[in-house]
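Below: one structure, written as structure tokens.
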Amino acid sequence: MRKAMLSLDRTTEFDDYLAALRAEYKRKRNFIKLLDRMRKL
């Protein structure tokens with residue numbers, strides 16, 4: 001999904017989406033780790 005958003009020049013929307021997921025699922029430690037790995041790709 002990140003690659004698609006980058007190709008469409010919509011990186012800020014993708015970052016906002018990840019931030020919203022992080023806020024909603026902040027108690028899910030493994031999910032947060034997955035989001036962190038996605039951010040680095």
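None of the figures in this text is laboratory data; all of them are computed from the coordinates on show. Remember, it's a predicted structure, so these values are computed and weren't measured experimentally. For neighbour counting, all protein chains shown are included, and Cβ atoms are generated from backbone atoms with ideal geometry for every residue, glycine included.
Laid out as a table, the results:
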item: Charge dipole (debye, nearest 20) of the chain; +1 at Cβ of Lys and Arg, -1 at Cβ of Asp and Glu; result: 400
item: Reduced Cα scattering model of the chain, Debye log10 I(q)/I(0), q = 0.33, 0.35 Å⁻¹; result: -1.12, -1.17
item: ALA19-LYS33 pseudo-label distance in nm [points 7 Å out on the Cα-to-Cβ vector]; result: 2.6
